[in-house]
Amino acid sequence: MRRWFDNGRSVGAELDRRWALALHQGSAKPLLLGLMRWCSRFGDGPMWAALLLVLPLAGGPNGWYCAELVAVLGGANVLVYWALKFATRRSRPCTECPGIRACVRVPDRFSFPSGHTLHAVAFAMLLSAYYPALAPLLWGYAALVALARVVLGVHYPSDVLVGALLGVVSASIALAVA
């Protein structure tokens, strides 16, 4: 049983590396690299903090309430993110895989899960519930953030998939409680 599990795990890791390398090839295209850097940078913490300031002012009747949910959800997600990151200690593809380089500054040496993706998906889901007209824009942006993190060489595809899953789960819990 253990041998079967180990074989499956090594095949999964190899597929993860192959997909990371294939997607990273996009960083050779200057326009795509610029777009991916912008998406990644825009998904950093300061953008989410700015969202907290804008929602009460421009969010209409739901603005204050939604800003409170975003703040609580963001804080909870940061705790889960750091706990998983330091429990797994998975190295980034830019340090493990030949042919992959970091195209942006990395905040730490661990890749699992993708915090950018976690926050982008969680906030897209939460904000889509209160502002359905913005859903296509929010979900499109969340997908671009996830793709950007792999293209830029700082995450494996499984990092962003798990980050997205965590974002959906945490936003679902927040919406159910709210």
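Throughout, read-outs are computed from the coordinates displayed, never taken from laboratory work. Worth saying up front: this structure is predicted, and the values here are computed from it rather than measured. Ideal geometry is used to build each Cβ from the backbone, glycine not excepted, and the neighbour counts take in all protein chains shown.
Summary table
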quantity	calculated
At q = 0.18, 0.21, 0.31, 0.34 Å⁻¹, base-10 log of I(q)/I(0) for the range 37-78 (Debye sum, equal scatterers on each alpha carbon)	-0.52, -0.67, -1.00, -1.06
Residue (of Ser27, Val54, Leu118) at the positive-pole extreme of the chain, dipole from beta-carbon charges	Ser27
Between helix 157-177 and the chain: long-axis angle, C-alpha atoms, 0 to 90°, nearest 10	30
Rg to Rh, two decimals, where the range 104-151 supplies the alpha carbon set and Rh follows Kirkwood	1.06
Cα long-axis angle, helix 115-130 against the chain (0 to 90 degrees, to the nearest 10)	30
Dipole magnitude (debye, nearest 20) for the range 25-169, charges at Cβ of Lys, Arg, Asp, Glu	520
Burial ordering of Tyr141, Tyr156, fewest other beta-carbon atoms within 10 Å first	Tyr141, Tyr156
Relative exposure of Lys29, Lys85, judged by other C-beta atoms within 10 Å (fewest first)	Lys29, Lys85
Furthest towards positive pole of dipole, Ser128, Trp82, Tyr65, structure part the range 2-177, Cβ charges	Trp82
Cα long-axis angle, helix 45-58 against the chain (0 to 90 degrees, to the nearest 10)	20
Over the range 1-142, relative contact order from alpha-carbon pairs under 8 Å, at least 6 apart, %	21
Largest-first principal axis extents, alpha carbons of the chain, Å	54, 44, 26
Fewest-first ranking of Ser128, Ser172, Ser111, using other Cβ atoms within 10 Å as the exposure measure	Ser172, Ser128, Ser111
